[in-house]
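Student: One structure follows; several queries about it will come next.
Every number in this text was worked out from the coordinates using simple rules, so none of it is lab data. As the structure is a prediction and not an experimental result, all values here were calculated from the model. Cβ atoms come from the backbone with ideal geometry, glycine included; neighbour counts cover every protein chain shown.
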Amino acid sequence: MSRKESRRLHIIHQVLEKKLTHIEAASLMGLSDRQLRRIIKRIRHEGDGGICHRTRGKTSNHRIPKKIKDKALTLFRERYADFNVAHATEKLHEVDGITVNDETLRLWLNQAEIPYKKRKARKHRQRREPRAHCGELVQIDGSHHDWFEGRGPICVFMGYIDDATNTVFGRFYDYEGTIPAMDSMKRYIKRYGMPQSVYLDKHTTYKSCAEPTIEEQLADQRPMSQFEKSMADLAIDVIHANSPQAKGRVERLFRTLQDRLESCGLRESAALRR
């Protein structure tokens with residue numbers, strides 16, 4: 001008896017003892033009243049074992065006979081050992097008249113420990129090479145953290161890192177929004193010059209989530225945030241990352257800074273103890 005069946009049996013006993021109504025029990029079990037009555041009738045005739053599914057322990061009507069399974073495995077060893085599973089199932093059907101699903105054949109091969117040709121696994125992501133020159137791409141992000149370790153309010157560190165040179169720039173703000181983003185960008189441009197493009201996440205500060213107006217739809221345009229409009233005026237391309245891993249340099253920058261703060265705090269507390 002499975003855990004689900006055990007729970008159902010307990011509820012049905014509550015019904016038989018008049019502690020629950022049929023409607024309450026059906027609602028708890030996610031069944032219709034008619035289906036519940038059929039199960040109760042079966043339990044009254046067969047006992048608690050009547051809660052188990054009738055096909056439990058029986059061979060499926062769709063199971064392929066063992067004779068065909070053995071023949072398919074023998075043919076695979078002798079003729080199709082250098083084929084992949086999909087190609088082998090095609091040949092078994094076309095040449096030998098054995099119809100079997102790809103995954104079924106794969107399961108048989110794994111159970112029999114027969115090696116077969118596998119497709120080379122693709123990399124989840126391809127590593128992007130850094131840009132060649134300073135200013136081609138700048139990664140930007142905001143990190144919410146207790147940067148002052150309780151000695152000040154929790155704030156946001158607006159971090160900038162050049163994709164080619166790993167030049168770091170940053171500033172603290174009360175929140176991550178349009179004004180902090182524009183102010184930090186202004187300060188970055190004054191120090192390092194105008195970047196060609198910036199790499200950002202899809203925070204509402206950097207990408208508008210508004211529905212396009214009729215005029216924008218007719219012009220084949222999408223809504224832009226105030227930050228995006230400012231970047232467009234400066235001829236700076238805005239690229240939105242689809243995952244945190246895509247802008248890994250700035251994410252690792254935050255982790256490095258936080259680790260250094262923790263190590264400094266540990267050394268300071270050790271010095272105070274001494």
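Student: How high is the FRET efficiency from Arg222 to Thr165, r the C-beta distance, R0 45 Å, rounded to 0.05? Kindly include the intermediate steps, with their values, before the conclusion.
Tutor: Details: r = 32 Å, r/R0 = 0.71.
Once the sixth-power term is evaluated, E becomes 0.90.
Student: For Gln196 and Ile154, what does the FRET efficiency come to when R0 = 30 Å and r is the distance between their Cβ atoms, rounded to the nearest 0.05?
Tutor: FRET efficiency, Gln196 to Ile154: 0.35.
Student: What is the dipole size for the chain, taken about its Cα centre, with +1 at each Lys and Arg Cβ and -1 at each Asp and Glu Cβ, in debye to the nearest 20?
Tutor: 1940 debye
Student: What chymotrypsin sites (Phe, Trp or Tyr not before Pro) in segment 75-154 are in a loop by DSSP, with at most 13 other Cβ atoms within 10 Å of the Cβ?
Tutor: Passing both the DSSP loop test and the Cβ count: Phe148.
Student: Moving on to the next point. Set the Förster radius R0 to 22 Å, insert the Cβ-Cβ distance between Glu90 and Ala112 as r into 1/(1 + (r/R0)^6), and round the FRET efficiency to 0.05.
Tutor: After rounding to 0.05, the efficiency reads 0.65.
Student: Working out 0.36 nm times the residue gap between His45 and Lys19, then minus their Cα-Cα distance, what length gain in nm do you get to one decimal?
Tutor: Length gained between His45 and Lys19: 7.3 nm.
Student: Sticking with this structure for a sec: Would you mind computing, in nm to one decimal, how far apart the modelled labels at Asp102 and Arg260 are, each placed 7 Å from Cα along Cα→Cβ?
Tutor: For Asp102 paired with Arg260, the spin-label model returns 5.0 nm.
Student: Now for a different question. Would you indicate which of (1) 83, 67, 65; (2) 71, 40, 33; (3) 71, 57, 35 is the value of Cα extents along the principal axes in Å derived from the coordinates of this structure?
Tutor: Among (1) 83, 67, 65; (2) 71, 40, 33; (3) 71, 57, 35, the one derived from this structure is (1).
Student: Then there is this: Helix check for the chain. Which DSSP H runs span at least 24 Å along their own axis by Cα, with a mean Kyte-Doolittle hydropathy no less than 0.5?
Tutor: Length and hydropathy pass: none found.
Student: How would you classify segment 66-111 from its alpha-carbon gyration tensor, with a ≥ b ≥ c the square roots of the eigenvalues: rounded for a/c under 1.5, else prolate if a/b is greater than b/c, otherwise oblate?
Tutor: Here segment 66-111 falls in the rounded category.
Student: Students often forget the sequence filter, so: which lysines lie under 27 Å Cα-Cα from Lys41 once same-chain residues fewer than 8 apart are removed?
Tutor: Result set, ordered by chain and number: Lys4, Lys18, Lys19, Lys58.
Student: Defining a contact as two alpha carbons under 8 Å apart and six or more residues distant in sequence, what relative contact order in percent does segment 3-51 show?
Tutor: 32 percent
Student: Go through segment 7-114 and name the GluC sites (Glu not before Pro) that are in a DSSP coil and have 10 or fewer other Cβ atoms within 10 Å of their Cβ.
Tutor: Here the sparse-neighbourhood loop sites are Glu17, Glu113.
Student: By average Cβ neighbour count within 10 Å, what is the ranking of 222-229, 3-10, 199-206 from highest down?
Tutor: For the peptides 222-229, 3-10, 199-206, the packing ranking is 199-206, 222-229, 3-10.
Student: Assign one of three labels to segment 114-250, namely rounded, prolate or oblate, based on the Cα gyration tensor with a ≥ b ≥ c the square roots of its eigenvalues; rounded applies when a/c is under 1.5, prolate when it is not and a/b is larger than b/c, and oblate otherwise. Walk me through the intermediate numbers first.
Tutor: Details: a/c = 1.65, a/b = 1.23, b/c = 1.34.
The shape class here is oblate.
Student: Looking at the chain, what % of its DSSP beta bridges pair antiparallel, to the nearest 5?
Tutor: For the chain, the DSSP antiparallel bridge percentage is about 65.
Student: Which of Asp237, Asp162 has the fewest other C-beta atoms within 10 Å, and how do the rest follow up to the most?
Tutor: In order of increasing Cβ crowding within 10 Å: Asp237, Asp162.
Student: What number, in percent, do you get for the relative contact order of the chain if the mean sequence gap of Cα pairs under 8 Å and at least 6 apart is divided by its residue count?
Tutor: Taking the mean separation of contacting Cα pairs over the length of the chain, I get 11 percent.
Student: State the answer as a single residue: which of Tyr206, Ser32, Tyr192 lies farthest towards the positive end of the charge dipole of the chain, with beta carbon charges of +1 for Lys and Arg and -1 for Asp and Glu, about the Cα centre.
Tutor: Ser32
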